[in-house]
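Student: Here it is, the structure, as structure tokens.
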Amino acid sequence: MRQVNGVIVAACRTWRPARLLKEFVGLKADKLLAQKLARLLSGSRLFRIAAMLVLPFIGVVAAFGIAPDTVTEPVTRKQVVQELALPAALTPGNADDGYWREERIQRGDTLADLLARLGAADDDALQFLRNSRTARTLYQLTPGRTVRAHVAGDGRLLALRYQNGGKVLNVERLGEGFSAAEDPVELERRVLMMSSEIRSSLFAATDAAGLSDAVAIQVADIFSTDIDFHRDLRRGDQFSVVYEMFYDQGEPVRSGRVLAAEFINVGKLYRAVYFQYSEGQGGYYTPDGRNIRKTFLRSPLEFSRISSGFTNSRFHPVLRQWRAHKGIDYAASTGTRVKATGDGIVEVAGRQGAYGNLVVLRHQSKFTTWYGHLSGIAKGIRKGARVAQGEVVGYVGATGLATGPHLHYEFRINNVHQNPLRVVLPSAPPISADLKPAFDAAAAPLSQQLALLRSTNIARLD
């Protein structure tokens, strides 16, 4: 083909049609026909048009340039029969070597159904698995999880492996009996990346993208001091996340920590990377080392809606009169977790008149936060106890003067009510100078991953 193309190009440059057609057609066709065509088209504009039309099909002509009625040499065919030895593991004498097979648990499966699909026709194994206390994990056949079995050629179960709930069940045949042991699973850590766009809610976007609720909650928690996910979220907001995922022999088991995240809310960019500054301790910072945490969270609930805002005049639904409402009411279902918005010490934990079940926390010296109408107070929350930001202090309810389940939240400075949604919150300390080099080294690759995600096409998820 390269020879044919070379001839055509060289001839076209000099516009010598006779040479062109003689050289080209002469390769695979009748030379006499070539000469006649050359005399006919030589020096005419028609040649130029013909050449342009012919060039795209040169490969086709060259490929099928065998003249009609050409007799080809017959191809000799010979049948070869050869006996091949089976691999040793598949011969009847080595049936005990068996094979490994994996099956995914289906809804409605019984243990007998599962063993049958695994190819284990072994009544002794089924009896052992039904009666063994250690093998009781198999009673919880979680749809979607996988079971691996080592089965002999004659259908005997040689071994079985099932991972569920952070533990792995290993069953082995020992002579005519079986042994079973349950051990902690050794997980493989992988770092994954995901980018998406909000079309309705954060949970809807993360579900459609295959992210777990645990990752969604972490993203909301990371940016909770800057974004109120109850009222600030908008259709078209974008987020990217770099996070840990843990696998057992290729099967995802659980999500881990969010290592870096980015959120674009109403056109404003927020970024955070995780940095562990000591054993078991770490936090989220902007790529330049500023602490994204404020002293207080914007909201004590992860996801909810505001049913009543901060105002000097509101018609009270129970007292049926106009009065000031010096807090924020968050509508949520009974039992929803209520988090401490800042580190503090419990001043009140109990029943307090119209507040119903109430928790009051003092932060530093002049700040207090109030959490009212709780259905219950969290375990360990009592007067004098220390709590950390984000720790659960109680659960949404309708105790006291309340017409339905909601949280009444107040923020006071020197016992003067402030609007929690508008008060300027002090920031937490940034990365210290001695830790800055280590932080920069850890943050650089995470920032690059966020930049890579931002430059990709965002998946639009409804």
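The values are calculated or read from the model by the stated rules, or taken from the named source; none is laboratory data. The structure presented is a predicted model; accordingly, all values stated were derived computationally and were not measured. Backbone-built Cβ (ideal geometry, glycine too); neighbour counts: all protein chains shown.
Student: Please state which one of Ala378, Ala340, Ala332 is surrounded by 18 or more Cβ atoms within 10 Å (Cβ to Cβ) and closer than 22 Å to Lys294 by Cβ. First the steps, then the outcome.
Tutor: Numbers: Ala378 fails: closer than 22 Å to Lys294 by Cβ; Ala332 fails: closer than 22 Å to Lys294 by Cβ.
Unique residue meeting the criteria: Ala340.
Student: Further, regarding this structure: From Arg101, Arg117, Arg77, grab the single residue that is surrounded by 15 or more Cβ atoms within 10 Å (Cβ to Cβ) and modelled with pLDDT of 70 or more.
Tutor: Numbers: Arg101 fails: surrounded by 15 or more Cβ atoms within 10 Å (Cβ to Cβ); Arg77 fails: surrounded by 15 or more Cβ atoms within 10 Å (Cβ to Cβ).
Being surrounded by 15 or more Cβ atoms within 10 Å (Cβ to Cβ) and modelled with pLDDT of 70 or more holds for just one of Arg101, Arg117, Arg77, which is Arg117.
Student: Please count how many residues of segment 189-215 are in contact with a Phe, Trp or Tyr (Cβ under 7 Å, 6 or more places away or on another chain) and at pLDDT 90 or above.
Tutor: 4
Student: Taking Gly384 as meeting all but one of (1) over 15 Å from Asn414 (Cα atoms); (2) surrounded by 15 or more Cβ atoms within 10 Å (Cβ to Cβ), write down the number of the exception.
Tutor: For Gly384, the failing item is (2).
Student: Further, regarding this structure: How do the strands (runs of 3 or more DSSP E) wholly within segment 388-446 filter down when requiring 3 or more residues that are basic (Lys, Arg) and more than 16 Å from Ala340 (Cα to Cα): which remain?
Tutor: Details: elements: 392-396, 406-413, 416-418.
In segment 388-446, no matching strands (runs of 3 or more DSSP E) lie anywhere.
Student: If I filter segment 278-292 down to residues being in a loop (DSSP other than H, G, I, E, B) and in contact with a Phe, Trp or Tyr (Cβ under 7 Å, 6 or more places away or on another chain), which single residue comes out as farthest from Asp440 (Cα to Cα)? If you could, list the steps in order and put the result at the bottom.
Tutor: Residues of segment 278-292 in a loop (DSSP other than H, G, I, E, B): 279-280, 286-290, 292.
Now drop any that are not in contact with a Phe, Trp or Tyr (Cβ under 7 Å, 6 or more places away or on another chain), which leaves 289, 292.
Numbers: Gly289: 8, Ile292: 16 Å.
Applying the filter and picking the extreme gives Ile292.
Student: Okay, moving on. Given segment 112-223, what helices (runs of 4 or more DSSP H) lie entirely inside it while holding 3 or more residues that are touching a residue at least 12 places away in the same chain (Cβ under 8 Å) and under 30 Å from Asn265 (Cα atoms)? Give the steps one after another, and end with the answer.
Tutor: Working: elements: 123-131, 202-208, 213-222.
Because the criterion is at least 3 residues that are touching a residue at least 12 places away in the same chain (Cβ under 8 Å) and under 30 Å from Asn265 (Cα atoms), the helices (runs of 4 or more DSSP H) in segment 112-223 that meet it are 202-208, 213-222.
Student: All but one of (1) outside the structural domain of Gln448 (by TED's automatic domain parsing); (2) modelled with pLDDT under 85 hold for Leu169; which doesn't?
Tutor: Only one criterion in (1) outside the structural domain of Gln448 (by TED's automatic domain parsing); (2) modelled with pLDDT under 85 is unmet by Leu169, namely (2).
Student: Now for a different question. If I filter segment 174-227 down to residues being over 24 Å from Ala428 (Cβ atoms) and among the aromatic types (Phe, Trp, Tyr), which single residue comes out as surrounded by the fewest Cβ atoms within 10 Å (Cβ to Cβ)?
Tutor: Phe203
Student: Within segment 141-177, can you find the residues that are out of contact with any Leu (no Cβ under 8 Å at 6 or more places or on another chain) and under 19 Å from Asp123 (Cα atoms)? Outline the logic, then answer.
Tutor: If we filter segment 141-177 for residues that are out of contact with any Leu (no Cβ under 8 Å at 6 or more places or on another chain), which is where we start, we get 142-146, 154-156, 158-159, 164-168, 174-177.
Matches in segment 141-177: Asp154, Gly155, Arg156, Leu158, Ala159, Leu174, Gly175, Glu176, Gly177.
Student: Follow-up. List pairs: first residue in segment 264-284 and under 14 Å from Asp232 (Cα atoms), second residue among the aliphatic types (A, V, I, L, M) and part of a strand (DSSP E or B) anywhere in the structure, Cβ distance under 9 angstrom, at least six positions apart or on different chains.
Tutor: That search, which allows pairs on different chains as well, returns Tyr270/Ala261; Tyr270/Ile264.
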